[in-house]
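The values are calculated or read from the model by the stated rules, or taken from the named source; none is laboratory data. Being a predicted model, the structure only gives us computed values, none of them experimental. Every residue, glycine as well, gets a Cβ built from its backbone with ideal geometry; the counts of neighbours run over all protein chains shown. What goes into the accessible areas is simple: the full protein's heavy atoms, side chains included, and nothing from ligands, DNA or RNA. Shrake-Rupley method; radii C 1.70, N 1.55, O 1.52, S 1.80 Å.
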Amino acid sequence: MAEGDWLDIRGWVEALSFAIADNTVGMSRFWRQKGTTADILTELIMAVVVFGLIMTTMLVLLWIERKFFARIMDRRGATMAMRSLWVGEGGEHVDWYGLLPFGTGAPFRWLNRWLNKVAGSDHEVESVARVRDRSYHGIWWMLPGFFQNIADAVKFLTKEWMVPTKADKFVFEVAPFIIISSTIMLFAFIPLGPHVWSANPDLSLLFLMAIFGIAPLGVFFAGWSSNNKYTLIGGIRSAAQLTAYEIPLLVTVLAVAVLSGSMNIIEIVEFQMDMDGWNLFLLPLGAALFLITMIAEVERIPFDMPEAEAELVEGWWTEYGGLRWGLLFMAEYLRAYAACLLFAIFFLGGWEPFGGNLVAQYTAFIPGIAWLLIKSWLMFAVFVWVRASLHRVRTDQILEFGWRWLLPLSLVNLGIAVWLRLWVWQGEVWSPLVPGIITAIAVALFVLLAIDEDPESLEGRERPYSVHVKAGPAGPGTHKK
Amino acid sequence: MAYHPHATPNFRNMIVRPMWMALKTALRTIPYIGSRSRFLAGHKGGEKYHAQQVEMIDEWTAERLGPDHPSVGKIYAGDRETSDLVPYLERPLTVMYPYERLEELEPWLFVPGNYNGRIGIIWETCTACKLCIRACPNGCVHMTTEKRVNVLDTTDEGDEWHGYGSEIEEGGLVARKKEEFEQIEEDYNLVLEHNDAPQQYDFGDLIKLDGDVATVRWETGGVDEVPLADLQPAEEDIVSGRIDNGRCMFCGLCMEACPFESFFMTNEYDGMSGYSRQDLWMDAPRTRVLPVVHQERVDAELVKRAKQERGKREKRAAKAAKASEQAEA
Amino acid sequence: MAEMWISMGPQHPMTHGLWTLRVKVDGETVIDTEPDLGYIHRAVEKIAELRDFTKFTTYCDRLCYASANTWSHAYIYAVENLLEVEVPERAEYIRLVAVEIQRIASHLMWLGAYCPDVGNLTAFVWCLREREMMLDLLQELGGSRLHYNFPRVGGVKRDLPIGFAQRCRTKINLFLNRIQEYEAMLDESTVFLVRTQGVGYAKPEEMVNHGVTGPNVRAGGINYDVRWAHPYSVYDEVDWEPSVEKPSIKGADCYDRYRVRVEEMQQSARMVLDALDKMPGGADTHHQHGDEAILAKAPLRAPEGTSGFHHFEDSRGESMFYIVGGGEQRGKFPYRNSIRSPMFITIPYASKCMIGYKVADIPAIMGSFDPCIGETDR
Amino acid sequence: MPASLLEEFAFALLALLAIAGAFGTIYAKRVAHSMLYLIFCFLAVAGVFLLTGAELLAAIQILVYLGSVLLVVLFGVMLTRRQIQEEDFE
């Protein structure tokens, strides 16, 4: 529960700003305004804190994208970079853990020695020499590849600020503002923990979804103003796709709101925690729909038609370069991050520990924000996994899927949510039977569909017309017949 | 022809199959579990996926190469997924070129002895016959002049090709073996040599010859009196080996054209770039290779050359004798 | 949206090379196309007239960067036809091994490039991982990783290296195992199937009339494989059969063309294994460089009026070389060297295939024909 | 500074923005520009709703008018047949 979370950042900030307000405004002739001042100060500080948290933890996303994708691709360089973590011979050179103060690096040394003893190679002299050499090459030992993003940012910063000659300069400059600012505004309404949020109006869910819908306009303007046919097509595709997927998304979110009985995100999480059941187990269909529509909303493979690099070069942001490109790219990842956080909040119980209340009493020392971030990172790993496994869907197929499958399914999902809320939920804790039965039905359906293969469609592969010539095994002289 | 048995768009194929395939590949990259779990083995329960180990070299070849060859007794996998270096990880390490090189770390994986790398030339056996120049499709091989020791006179007394080179004369070039002559030969590893080949001799002009003591002005500066026995005749000869690397396409036709075993492609893939076209002109010191690389073949070539020289001299001597006879008559 | 022309290329992810495809679109639908070739024309045929027969082999490697070995072999066969050289049988087997390994590498490169075309980068890296094994093998034979310059007039550059057969068998068997995984990733992926099945129909009759050859026409059910129809080399002595698809009544779609290449890779692998077994003298033995068993003596001058011709099953179709001997006047140079490139014929036809499909199908269709611009522009 | 003054100030700003956006919508030479001004107009109106305490209305204003109606209008503008971008090349 929220009370159990010791990481009361908002409480601390409030205390701090009240102290500040007391000692400044409170001592002046505006003393009546000190409450307002403290509130404004709190909001400002919390906005900065949330923004900073989001921007720093977003690096993890890029890291997951790079590393997990590399492992799926079986790419050697990227998959093997972690190795230098545990292959370190020690000896002449100074290990990084040796530099830590007060001997805090000792466990690393023990681990390292143990690993080398158990699994190390004494095969060749050069291996030892090599590993030693390697530690000199740099700081590979610490989060390999993690700080690449900072290098990228520096690169973007130093690039030229270019506007195409024939572009509509006003719109070209304004469009990224619309996209980036609306993306960052999203995080005003996303709570990172019971006490870590920057704004919490009663209708935070509605505001969130409203702001989610602004970026497509920016995308469209960006595509239009670049005066490039690729960007134009990309912009139009983006608009069409986002329209088609926004409605199922809203209906799915509505189902979640109906089930939890609130339009407030924090209350949705608390409802899940109080009722002892994550929405995932109550609305598995809704979770699947939300995942699909969110992937489409953040324009990732398999729904990345707007920036399909195979045919549209880079889609609607082809003409953007340098820092603007970097910021647009960041906005894209921020939207993906928001999608993951929202999935974790809506369906995975938000900052509730894995295992629910049973575990919660033993893990009270872990702040809620950690659970939420871990859940959202896992969700992002799923995003990456989907991206690595599936291909890009064509425009017409995307739209058809959106309108003809997702929209009816989301309505069905809404119906299920209404039924659960009105008739099944008795105003108490969910009986364990309810999520159990629903999950069992979902799993059974999934397995049934997954093993199902229509033999008739397999027959259909024998296509009717054929000029096929039966080719027998070759032998000397067979061609002369 | 054979369609794939499951090639139908349906729900089963929508996510389950491709996503499981992708996850399987990711799980295989986990060090210990990835290679040992049967669940993650090859498709349809095939054999071990990564690093099916075989011996690098078969037995009779190993006998032929001798035990010192780096390939002998080494484990090798078809996909190069393993090495002896860190065997417990069973995946190759990233070679952080240019700080590390594969041929330094795992020479047995750097297989090709016939790799077409930078052109290398053993000056000692080049006769400037220009066959390489004719063979080159792009015209990137050029002749140049370089100082070299007259190899036909470098050997000890009693060898079959001794003494058929030019002789030490006043005003001519001489060379002296450096003190670390043997050491240079020993250290010289063609595979690892990424810079100019080391010079084994000091060159200088012979100013004065006085019995057994010669006065030499060394190229590096300084005039010395050295015993004649230390010196060897040198000459500034036309040799092949000025390469326009900007044009070279490493086809190896020049190597095949050379009849004297002096022109070949080294294993070096490095140090062949530059910032201007002029940088790509590789002058003779860059393409030089010490004769120790092919000592046997060089020696065989020298025997041949000495035989020719001997025959030539005998013929000349006979001619001179005949001429003198005629003159007398 | 109004109709408009989009210029895809010369620097565009779809083109796989340096050329331009101008596409007229109505919204998302393609209504007209116009290929524009010739960006990297470098007068290879003219270069051939100013080079010895032996020197031109290495330029043939440069005709196609994905399938170098097949092109130099095609040229060498034409020269041998011209100079009437008898090639030792062992050399023919070694050539077959080299060419088929190259074919696998080329098809893997194609498959690798095709997956990003339809939006998946994963299989791309897998394919290049396997291509690396094939390049290792070719590197041992030719000494380079891309342009091998392996065949010689009258034989091959050098015999199989020591231990080559052992390594080759290991790698080919590994590859045969792994190709099943691409099938699991691609054939068993609904998204891949809906992107390729029923897209880019090419009618067999039209393909024959246009002169399309190779896997593209075999995907249309026409059993025309030069190795099968007119066996040169030792193709009638090893165990294989051409991979031919059964297309639907509308013609061959992208899936058929994908399938025929996957099948062909397996056939090539089978062929290599069989050739290693049947090789005279044994694949495990090693001859010395310049041994008579792999290199026959060849004259270097062709008399006037003679001509040499050979057609060859390249990875992308039927490549032909036609060489006219120079006689006394031109010395060792040929009078004329003419090259027929399969992709030069296929690309215009492929661009007609995509009319009526969506813009998103352009890379899927064009990629499935496996364009290679090096040989197209020559 | 009383809170009501702040509110009035905010209202004045938003109203000005809304009016300016509306005028921009009418007088912009390009249709796309007027759409852009329309966005500002709508946003400002949503802000006015917020000031009056009608949070639901503000959210709906952004969600429906900005998210959906404007997109549909955009489609209408873009899909009408006319020579796009050609005037730039003259």
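For this structure, a couple of remarks:
- The relative contact order of the range A:183-321 comes to 29 percent, based on Cα pairs under 8 Å that sit 6 or more residues apart.
- Each residue of the range A:446-453 is assigned a 3J(HN,Hα), and the resulting list reads 4, 5, 4, 5, 6, 9, 6, 9 Hz, derived from the Karplus form 6.51 cos²θ - 1.76 cosθ + 1.60 (θ = phi - 60°), x at Gly and Pro.
- Ligands, DNA and RNA aside, C:Y335 has an accessible area near 140 Å² when probed at 1.4 Å.
- Lys/Arg +1, Asp/Glu -1 at C-beta; chain C dipole; positive extreme among C:V226, C:T346, C:V208: C:T346
- Per-peptide packing, taken as the mean over residues of other Cβ atoms within 10 Å, places B:271-283, B:18-30 in the sequence B:18-30, B:271-283 from highest down.
- Approximate spin-label separation B:K178-A:W31, in nm, with each point projected 7 Å along Cα-to-Cβ: 9.1
- Residues with amide H under 5 Å from that of C:H310, placed H, sequence gap 5 or more: C:F321
- Cα gyration tensor, the range D:3-80 - rounded (a/c under 1.5), prolate or oblate: oblate
- Rg over Rh [alpha-carbon atoms, Kirkwood Rh] for the range B:119-310: 0.98
- Across peptide C:243-256, the mean count of Cβ atoms from other chains lying within 10 Å of each residue's own Cβ comes to 4.
- Of all stretches in chain C that contain no GluC sites (Glu not before Pro) in a DSSP loop with at most 14 other Cβ atoms within 10 Å, the longest one is C:87-291.
- Under 5 Å from the amide H of C:G155 lie the amide H atoms of C:A296, each residue being 5 or more positions distant or on a separate chain, with H modelled from the backbone and absent for Pro and chain starts.
- Cα-based Rg / Dmax (Å) for the range A:159-449: 19.9, 65
- Counting Cβ atoms of other protein chains within 10 Å of each residue's Cβ and taking the mean over peptide C:194-201 gives 3.
- With the convex hull drawn around the C-alpha atoms of the range C:251-378, the volume per residue stands at 172 Å³.
- Ellipsoid equivalent to chain C - semi-axes via the Cα gyration tensor, in Å: 35, 25, 17
- Rounded to whole Å, the principal axis extents of the Cα atoms in the range C:180-219 read 35, 20, 8, largest first.
- In order along the range A:62-71, phi translates into HN-Hα couplings of 4, 5, 4, 4, 6, 6, 5, 4, 5, 5 Hz, rounded to whole numbers, per the Karplus curve 6.51 cos²θ - 1.76 cosθ + 1.60 with θ = phi - 60° and x for Gly and Pro.
- Over the residues of chain C, the helix contribution to mean residue ellipticity at 222 nm works out to -15000 deg cm²/dmol, using -39500 (n - 2.57) for each DSSP H run of at least 4.
- Between the beta carbons of B:D283 and C:K250, assuming R0 = 51 Å, the FRET efficiency works out to 0.20 to the nearest 0.05.
- Legend: calculated FRET efficiency, C:R42 to A:E453, from the Cβ-Cβ distance at R0 = 41 Å, rounded to 0.05, equals 0.20.
- Built amide H within the under 5 Å cut-off of B:A234, gap 5+: B:N150, B:L173, B:V174, B:A175
- Net charge of Cβ neighbours under 14 Å - reference A:W278; Lys, Arg +1; Asp, Glu -1: -3
- Set of the range C:31-52 residues, backbone N closer than 20 Å to the point 7 Å along the Cα-Cβ line of C:R336: C:42-52
- Spin-label model distance (nm) - B:W218 vs D:A12, 7 Å beyond Cα toward Cβ: 9.3
- Neighbouring partner chain Cβ atoms per residue of A:390-402, average, 10 Å criterion: 6
- 28 Å Cα-Cα threshold exceeded, pairs from B:K147/B:K312; C:K203/C:K278; A:K34/A:K375; C:K246/C:K352: C:K203/C:K278; A:K34/A:K375
- Projected label distance in nm at B:A300 and D:S68, using a 7 Å step from Cα toward the beta-carbon: 8.8
- Computed 3J(HN,Hα) for the range C:12-17, one whole-Hz value per residue from the Karplus formula 6.51 cos²θ - 1.76 cosθ + 1.60 where θ = phi - 60°, is 8, x, 6, 6, 6, x, glycine and proline marked x.
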